[in-house]
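All remarks here apply to the structure that follows.
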Amino acid sequence: MMDRMARSLSYSDAVRLLGGQDSKVVAAIEKIVGGVLLAATPAAPALLGLFDAKSELVRLSHDLVRGLAERRSGLSRFHRTERLEAAHTVLVVAAFFEAMAESPLPFRFGELELTAREQGTLSGAFDDLDPAGHVLTLARRIDSASITRPSPQHSPESFRRVLHRYYRALAESAGRFTAGLAVWEGLSATDRKQFDEAMDALPAHALERYEELFRRLVADFPEVACWASQREHRATRAALAGLEETLRAISTGRAPDQRRQSLARAYRAELGKHIVESGDVPDGLRVPELGEGYVPPRFRVCTVRSAAQVSEESWWADVAIGDDLQEFLIGHLTSPQAVRAPLLVLGQPGSGKSVLTRILAARLPAADFLPVRVVLRDSPVLDEVQDQIEHAIRQTTGERVEWPALARSAGDAMPVILLDGFDELLQAVGVSQTDYLMKVARFQRREADQGRPVAVVVTSRTAVADRARAPEETVALRLEPFDDERVAAWLDIWNRTNAANFAAARLQPLTPETVLRHRGLTGQPLLLLMLALYDADRNALQRAGADLRATELYEQLLRSFALREIGKHRPGLPERELHAAVENELRRLSVVAFAMFNRSVQWVTEADLDRDLAALQICGPVGPGAAAGMRAPLPEAELTLGRFFFIHRTRALPDETAFQTYEFLHATFGEYLVARLTWQVLTDLGARDAASSMSFGAGPAEDDLMRALLSLQPLSARGPILDFLSQIAGATRADRRQSLRELLVRLYRAVNHTPPGIRYADYRPQAPSEPARYATYAANLLLLALCCDRELLGRELYPEPSDPVDDWHAQTLLWRALLSSEGWTGLVETIGLTRIRVDGRRDLRLTIHGSTEVVFDPAWTFHLFPEAQAKTFQLDVLGLDQIRRKAHFQCGILDDMVHHVLTPLAGLPAPLVNSFVEGEQRASAAHLLVDLWANPSAETCERVVDLLTAGLPWTEETYLFVLSALLDRLQAGRTVSPDHLGHIHRRLTVAMAPVSLAARRKINDWAERELDVIDDAYRRRN
């Protein structure tokens, strides 16, 4: 039985499972089909009898399903699911034969007579006739009916398409079998047409019969509707209360024993706890309890292949969004797929993954389910899933329980293991866990083999989900950000919970309209809570109005939470000290943000953070009792960060030793803090530079701290950082902003000539080479200068040479060589570059987030002054072979890609690459030829004629090469009219006269051969 659940039930399995080995119904079905279906072999000549007895087969199939409905009260949760799968398989087949019985066939299959050879073929005596193959095909297709089972991750529409294809395949097999018999030749044309029409209509008719039978099955077993996502959508209900109600309504299990009751009581108690700890909430406010405050999010769900990139947004683009999470969960947990592979629940930090596991553990009825919630961050990092489960049970109940004993004692209840925080296990431990999901699947297979089938749910942050290989049949469910409906539902709960508190404080309830102005912070429940807590301080969010900038919102949010936390732990501070303490808190949070940013990760370990704080020494002590100096003891660092609920603390226990990491619930908090500290360091440097410039002998700006922070990662790696910096700069006084711009330009000019200071030498979140740090710092200085004044000219950055383009080119080569691929790409996409002329000389205009129109103008590239430009010219530069050789030597990916595309042009004569002609835009001869081959329009042909008549100092060989290309394209494409062709002929004849007799003969021969052909083709076309 367990082996059957490791795969889909065949039709023969389903019949025997529903009826039992000795059932009279099963015996009758076997008699009807003569062994053809149940043996899946053409060894019996009874297929025609099967078709003739189809009505009896349908009746017996209904008897099997009816018997299941009558016996359902004695089934465990797993056995009920197993038999429902079998019942569905039987109904799929029954619907086909029921539809066939109602089809207007011109004859009865039982009346058809077989020849002696056909009888021998069907009995296995011969194997060279088509009917035998069609019997085998049909038998196998019927026996594989279970492949059409609905699943909650697929839409009803997609399942209908699958089922219709299945019925069409059955009908085609039956039709081919009949057409392969000798008696088919004796049927009239009318009978054949009637038969074909009936078989064509059979799949749609069978689908209608199936849907009717499926509705009957749903009436007896409501969970089957959730398999097919066919329950009526219900209004969003808090905390999945509907899931519990539905599962209790179909419960057939017995009351749990003492150990299961102990677990159930512990999980049920979670519903009465607050969503966040009360210490995170100001006095006078009440956070909703879990049982009333959890709003189920929307979701996407899909079956995952082992190599799927589920962390990529593009992978989910074509997956539909579901609205009823509880319906999916009911469908999944009551369907056969639940015990075959894990359900992988994905989401962003703060999206509610852990809360979902708490809700499930509390809501699953103990009579039918045995939930065990395993918080992986609190579990020792052990190799076996079973050890983690047993550890979690002990943590929850205080009892040591061996898993096999507990699973056996579950009786009718199906175990559901909730493994919460696979991502936390990864990031906190820092070791490979690529096979963890495979271990989970092996655990499920072992438990099934032992008669203890178990469902498993694993949660993980989306970004790291690809680090584990997904087993076959894994289903991934991604929690989506809140939409407007769920934001409104969450706010309704919040306002109702605090109605009395708001009235006492004379506060207005928080409205969706106010919150939805800040959509970046409304997608996750914990971020919504943060906005709500902020507004609870004298309706701060509502008073700010619609003009509140993102930087102002983030500053006020973070400052208000820092003020509240300091007020709790250090009450009564004078205003000046309070301001300094708040700034110190935000400075420390900024170091956390830089610790993540400069390591190119979204979290940081406590040990790495401690090293960064000590190396930078820019934060004051945590508070009373902190150690002397800037290096705070670990417990105080933990106190500083752990008390902000918008910082997610991950904790794992490798070898029973706590190992912690920190992460912002929303990446934008870290990005704002990076921008905030960057601007503070810049303005402080600007103030010191302004003061030093007023004294004699002022030296260069001491930018050690800014260089330490900004020489490891381009700010363009995170787009929101530059958005925040631009907003902050825009709010700065114009003259101050201009002085900072001038300072940044001076630093940029000197960056490659100024050695780094040693003051922050110990700050090394990464260990790049010094040239790479120079390159990164230069990129960030340029980006900051563009934030101050959204436009820069190349001559401002490189004032010494008369032409700044060569220096810019050298700098870009340095960036391309030393930045990471992502860093280089981000820089190119962030900085817009326009090639311009100033006072007749070429220059560059740089903008931030500016659109770049990619235009290659040879006159600009080769620095040709307008007054010196001729209509045509030829440059003494490298030929194509030499250009390709240099690119080959450099081994650059981008160059290789371009030159690979151009490989077919390697044989072009060198002058074609270096010769240019005037037009709307100057173009090389090679460019015009490629345009001719790719776009053989009349205009393009005319430009090539211009090229041939320009009088360029080419050899006869080069002229003939271009001429042949033009004539061949005209002959192949025939895209010009006869009149235009005659015009081209005359121009070429005049132009080629001085070249050679061979060229003139080539033109005349082509004209005589092609004019009549082109003329005829043109007339036919018009």
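The values are calculated or read from the model by the stated rules, or taken from the named source; none is laboratory data. Predicted model, so just to flag it, every value in this text is computed and none were measured. Note that each Cβ is placed from the backbone with ideal geometry, even for glycine, and that neighbours are counted across all protein chains shown.
Is it fair to say Leu894 is within 18 Å of Asn914 (Cα to Cα) and modelled with pLDDT under 75?
no
I'd like to verify a number: residues in the range 73-99 that are out of contact with any helix residue (DSSP H, G or I) (no Cβ under 8 Å at 6 or more places or on another chain) and not in a helix (DSSP H, G or I), how many? Before you say what the answer is, go through the steps one by one.
Of the range 73-99, the ones out of contact with any helix residue (DSSP H, G or I) (no Cβ under 8 Å at 6 or more places or on another chain) are 73-74, 76-77, 79.
Next, from what is left, pick out any that are not in a helix (DSSP H, G or I): 76.
Within the range 73-99, residues that are out of contact with any helix residue (DSSP H, G or I) (no Cβ under 8 Å at 6 or more places or on another chain) and not in a helix (DSSP H, G or I) number 1.
Here's the yes/no breakdown for (1) within 30 Å of Val310 (Cβ to Cβ); (2) assigned by TED's automatic domain parsing to the domain that holds Gly293; (3) at pLDDT below 90:
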residue	(1), (2), (3)
Asp492	no, no, no
Ala499	no, no, no
Leu507	no, no, no
His518	yes, no, yes
Gln524	yes, no, yes
Gln542	no, no, no
Gln556	no, no, yes
Phe561	no, no, yes
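Condition (residue is closer than 25 Å to Leu609 by Cβ, surrounded by fewer than 21 Cβ atoms within 10 Å (Cβ to Cβ), in contact (Cβ under 8 Å) with a residue 60 or more places away in the chain and of a type outside the set (A, V, I, L, M, F, W, C)) applied to the range 744-760: is it met by at least one residue?
Among the residues of the range 744-760, at least one is closer than 25 Å to Leu609 by Cβ, surrounded by fewer than 21 Cβ atoms within 10 Å (Cβ to Cβ), in contact (Cβ under 8 Å) with a residue 60 or more places away in the chain and of a type outside the set (A, V, I, L, M, F, W, C), which makes the answer yes.
Kindly indicate whether any position in the range 922-942 is in contact with a helix residue (DSSP H, G or I) (Cβ under 7 Å, 6 or more places away or on another chain) and at pLDDT below 75.
Yes; the residues of the range 922-942 include at least one that is in contact with a helix residue (DSSP H, G or I) (Cβ under 7 Å, 6 or more places away or on another chain) and at pLDDT below 75.
Hey, can you tell me all the residues within the range 795-829 that are touching a Lys or Arg at 6+ places or on another chain (Cβ under 8 Å) and crowded, with 19+ Cβ neighbours inside 10 Å?
Passing the criteria: Leu797, Tyr798, Pro804, Val805, Trp824.
Yes or no, residue by residue, for (1) among the acidic types (Asp, Glu); (2) surrounded by fewer than 22 Cβ atoms within 10 Å (Cβ to Cβ); (3) farther than 23 Å from Trp316 by Cβ:
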position: Pro342; (1), (2), (3): no, no, no
position: Thr357; (1), (2), (3): no, no, no
position: Ala362; (1), (2), (3): no, no, yes
position: Pro365; (1), (2), (3): no, yes, yes
position: Glu384; (1), (2), (3): yes, yes, yes
position: Ile389; (1), (2), (3): no, no, yes
position: Thr397; (1), (2), (3): no, yes, yes
position: Leu406; (1), (2), (3): no, yes, yes
position: Ala410; (1), (2), (3): no, no, yes
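Restricting to the range 290-310, name every residue that is over 29 Å from Val464 (Cβ atoms) and buried (at least 18 other Cβ atoms within 10 Å of the Cβ).
Once the filter is applied, which keeps residues that are over 29 Å from Val464 (Cβ atoms) and buried (at least 18 other Cβ atoms within 10 Å of the Cβ), the range 290-310 yields only Gly291.
Output the number of the condition that Ser739 fails; it satisfies all remaining conditions of (1) more than 15 Å from Thr678 (Cα to Cα); (2) among the hydroxyl-bearing types (Ser, Thr, Tyr); (3) assigned to a loop (DSSP other than H, G, I, E, B).
Against the list (1) more than 15 Å from Thr678 (Cα to Cα); (2) among the hydroxyl-bearing types (Ser, Thr, Tyr); (3) assigned to a loop (DSSP other than H, G, I, E, B), Ser739 comes up short only on (3).
Could you grab the pairs with beta carbons closer than 6 Å, sequence gap of 6+ or different chains, first residue in the range 356-382 and closer than 15 Å to Glu292 by Cα and in the same structural domain as Glu292 (by TED's automatic domain parsing), second one at pLDDT 95 or above and of a type in the set (S, T, N, Q)?
Close Cβ pairs (under 6 Å, with a partner that is at pLDDT 95 or above and of a type in the set (S, T, N, Q)) do not exist here.
Condition test on Ala489, is it touching a residue at least 60 places away in the same chain (Cβ under 8 Å) and either among the β-branched types (Val, Ile, Thr) or assigned to a helix (DSSP H, G or I) (or both)?
yes
Please go through the range 797-811 and give me each residue that is out of contact with any Phe, Trp or Tyr (no Cβ under 9 Å at 6 or more places or on another chain) and touching a residue at least 40 places away in the same chain (Cβ under 8 Å), ordered by number. Give the derivation first.
Applying the first criterion (out of contact with any Phe, Trp or Tyr (no Cβ under 9 Å at 6 or more places or on another chain)) to the range 797-811 yields 799-803, 809-810.
Within the range 797-811, Pro799, Asp803 qualify.
Given the condition part of a loop (DSSP other than H, G, I, E, B), under 33 Å from the mean Cα position of the chain (by Cα) and charged (D, E, K, R), answer yes or no: does some residue in the range 579-592 qualify?
No, every residue in the range 579-592 fails to be part of a loop (DSSP other than H, G, I, E, B), under 33 Å from the mean Cα position of the chain (by Cα) and charged (D, E, K, R).
Evaluate the range 893-902: report whether one residue or more is surrounded by 16 or more Cβ atoms within 10 Å (Cβ to Cβ) and over 38 Å from the mean Cα position of the chain (by Cα).
no
Find the residue count for the range 147-176, including only residues that are in contact with a His (Cβ under 7 Å, 6 or more places away or on another chain) and under 21 Å from Tyr11 (Cα atoms).
Step one: of the range 147-176, the residues in contact with a His (Cβ under 7 Å, 6 or more places away or on another chain) are 149, 152, 173, 176.
With under 21 Å from Tyr11 (Cα atoms) added as a condition, the list becomes 149, 173.
So the answer is 2.
Any residue in the range 156-183 that is farther than 30 Å from Gly322 by Cα sitting within a Cβ distance under 6 Å of a residue that is surrounded by 16 or more Cβ atoms within 10 Å (Cβ to Cβ) and modelled with pLDDT of 85 or more? List the pairs, counting only those 6 or more apart or interchain.
Matching pairs, first to second residue: Leu170/Phe96; Ala171/Met199; Ala171/Leu202; Ala171/Pro203; Gly175/Met199.
For the range 227-243, which positions are surrounded by 14 or more Cβ atoms within 10 Å (Cβ to Cβ) and either at pLDDT 85 or above or of a type in the set (A, V, I, L, M) (or both)?
Listed by number, the residues that qualify are Ala228, Ala238, Ala239, Leu240, Ala241, Leu243.
Mind listing whichever residues of the range 927-950 are touching a residue at least 40 places away in the same chain (Cβ under 8 Å) and in a helix (DSSP H, G or I)?
Residues satisfying the conditions are Ala938, Cys941, Glu942, Val945, Leu948.
Might you let me know whether the range 157-169 holds any residue that is among the aliphatic types (A, V, I, L, M) and farther than 14 Å from Val92 by Cβ? Step through it out loud before you land on a result.
Step one: filter the range 157-169 for residues among the aliphatic types (A, V, I, L, M), giving 162-163, 169.
Still in the running and farther than 14 Å from Val92 by Cβ: none.
Checked against the condition, which is being among the aliphatic types (A, V, I, L, M) and farther than 14 Å from Val92 by Cβ, the range 157-169 yields no hits at all.
Condition check ((1) of a type in the set (Phe, Trp, Tyr); (2) part of a strand (DSSP E or B)) across all residues:
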| residue | (1), (2) |
| --- | --- |
| Asp807 | no, no |
| Thr812 | no, no |
| Trp815 | yes, no |
| Glu822 | no, no |
| Thr825 | no, no |
| Thr834 | no, yes |
| Thr847 | no, yes |
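Is it the case that Gln556 is polar (S, T, N, Q) and not in a helix (DSSP H, G or I)?
no
Can you confirm whether the range 917-926 contains a residue that is buried (at least 16 other Cβ atoms within 10 Å of the Cβ), of a type in the set (S, T, N, Q) and part of a helix (DSSP H, G or I)?
Within the range 917-926, none of the residues are buried (at least 16 other Cβ atoms within 10 Å of the Cβ), of a type in the set (S, T, N, Q) and part of a helix (DSSP H, G or I).
Regarding the range 653-675, can at least one residue be identified that is of a type in the set (Asp, Glu), more than 22 Å from Arg773 (Cα to Cα) and modelled with pLDDT under 75? Outline the logic, then answer.
Of the residues in the range 653-675, the ones of a type in the set (Asp, Glu) are 655-656, 663, 671.
Now drop any that are not more than 22 Å from Arg773 (Cα to Cα), which leaves 655-656, 663.
Filter once more, keeping what is modelled with pLDDT under 75: 655-656.
Looking through the range 653-675, at least one residue is of a type in the set (Asp, Glu), more than 22 Å from Arg773 (Cα to Cα) and modelled with pLDDT under 75.
Could you tell me which of the residues Ala448, Ala455, Ala499, Ala441 is farther than 26 Å from Ala667 by Cα, over 23 Å from the mean Cα position of the chain (by Cα) and surrounded by fewer than 17 Cβ atoms within 10 Å (Cβ to Cβ)?
Ala499
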